[in-house]
1. Would you mind checking the stretch A:102-116 for residues with the amide N under 14 Å from a putative spin-label position 7 Å along Cα→C-beta of A:N137?
2. If you place +1 on the Cβ of every Lys and Arg and -1 on the Cβ of every Asp and Glu, how big does the dipole about the Cα centre of chain A come out, in debye to the nearest 20?
3. Calculate log10 I(q)/I(0) of the protein assembly as shown for q = 0.11 Å⁻¹, where I(q) comes from the Debye formula with a single equal point scatterer on each Cα and nothing for solvent.
4. Would you calculate a helix-derived [θ] at 222 nm for chain B, using -39,500 (n - 2.57) for each DSSP H run of n ≥ 4 and dividing by the full residue count, to the nearest 500?
5. Could you derive backbone 3J(HN,Hα) for the stretch B:104-115 from the dihedral phi with the Karplus parameters 6.51, -1.76 and 1.60 (θ = phi - 60°), listing whole Hz in sequence and x where the residue is Gly or Pro?
6. Working out 0.36 nm times the residue gap between B:T34 and B:E80, then minus their Cα-Cα distance, what length gain in nm do you get to one decimal?
7. Considering Cα pairs under 8 angstrom that are at least six residues apart, work out the relative contact order of the stretch A:1-118 and quote it in whole percent.
8. What is the mean number of Cβ atoms from other protein chains located within 10 Å of the Cβ atom of each residue in peptide B:101-110, rounded to a whole number?
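What follows draws every value from the coordinates through simple rules; no lab data is involved. Note that the structure is predicted; figures quoted are calculated from it, not measured. When we count neighbours, we look across all protein chains shown, and the Cβ atoms used for this are built from the backbone with ideal geometry, even at glycine.
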Amino acid sequence: MKNYSMFDVIGPRMIGPSSSHTAGAARLSKVARKIGGEEITEVTFYLHGSFAKTYKGHGTDRALVAGIQGMEPNDENLRNAMEIALEKGIKFEFVEADLGEVHPNTVKIIMKGISGKTTEVIGSSVGGGNIKVFRINGLDVEFTGEYPTLLIRHIDKPGAIAKVSLILSEYDINIAFMRVFRQSKGKDAFMIIETDNSINEEVIGKTKALGEDFISVYLIDAL
Amino acid sequence: MDFEFNNGRECIDLCNQNNKKIWEVMLEREAAITGKEKNEIIHYMMDNLQIMKNAVRKGLYEDVKSVSGLVGGDAKKLRERYENHKTLSGYRMNKAVASAMAVLEVNAAMGQIVAAPTAGSSGILPGVLITVAESFELSDEETVRGLITASAIGYIITRNATVAGAEGGCQAETGAAAAMAAAAAVELMGGSPEQAFHAAAITIKNIMGLVCDPIAGLVEAPCVKRNAIGTANALISADIALAGIESIIPFDEVVEAMYRVGRMMPCELRETALGGLAATPTGLEIQKRIFGEQK
């Protein structure tokens, strides 16, 4: 059982009205932006289930647009996020969609960055501001963002995991959970490492420097 | 760990064995599980108190309106009444209730709040504690202790039952918030840990069975007024406990009963907007106005 902190009870600090429809939505798109890895110029949000039905009343639309610009779920500017995005020239669109047998608060985010690269992220807001990301660019993944999370896109080759875990052990970072997801043998893969300790820029830099088989490295801070 | 507890009984025993208040035991527990300094924990909770105060002020004095347009401005109306008229339930009660409504209105208007324990029940704890603190001239340091006492009650309910309306109905959500506030108020007024738990138990008993039936599924109506009544419930229950009146059913059994009642509720009455007030002709009409015909 989770060891509840007093701040799980009195917290999080957030912009209302709903921890799942507002705070969780902001967090999901903020994580998506991290995965995109750059400023976003165009984005389409495919809203499923309860998100599709009630997004306007809960400000889910504003929260999503806030997160995609990197705002935190407790940013006072969240309610004006759509106006701010328009001023920056960010194009955004909402589409009601059936994403299949998924959590009622699920969104598919397809975004284009300043480099022209397109990234697709699917995730759910599972309650209390908590999230679960389960698909990135068509690859099945799974992480919640409850822990500091390292997200490494790499080529599926022997030794890849050992190289990364060696760096983490050098910095005395304990791995809480680790999973590897791949498209097919020898192709694109994701390593998702959730840790007990916070991860600094040096660790990210060293991981990025491991070689061309390591395509991208992102850090998602804990909730 | 020395200060771990799983329910109300264990919490009270820890308090009595160590001659500590609930907030002190909870603070010891928090320091042990997080490895953080007590000062750091108190400092973080102090920031939560400031956000709560800001939300109360904003809702009481500014014009707030929810995104859907359904709620906003009622806290201000109630403030104008208790400031300028003799009220039936008195100045302090009305002020606490208006403050709770203020926070929920700010929440619905996409303002900043602290979930306590949820966004939908975030008005009750600030409503009770900030008003009690003002009335009895308590410092912020003392008020923060109240928040910590409240968090102990909320932790026990989260651990053994639920605080989510979608799972246990409004009795679980605003019920937990009110129980937290009642216990905190008792402890702030010098009551014993036993009295604090009696107040929490009485609070939940008073609204057992309350359904979660938000109009159009939004955290607006009846949520603002359910926070109002939760605040009144907390203050009355705290006074009952401080008078030495006990809950006949112990807190832990009340929490378990509340959880069972929640599980018996049909899904229509657990935040789905398919039953209760949401399913009334007016409720449905409002839903149609906000979301169109699609739903």
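1. Those under the cut-off are A:111-113, A:115-116.
2. So the dipole magnitude of chain A works out to roughly 360 debye.
3. Log-scaled intensity ratios, in q order: -0.95.
4. Rounded to the nearest 500, the figure is -21000 deg cm²/dmol.
5. These are the phi-based 3J(HN,Hα) values: 5, 5, 5, 4, 5, 8, 6, x, 8, 9, 10, 4 Hz.
6. Additional length available on full extension: 12.1 nm.
7. It rounds to 38 percent for the stretch A:1-118.
8. Averaged over the peptide's residues, the number is 4.
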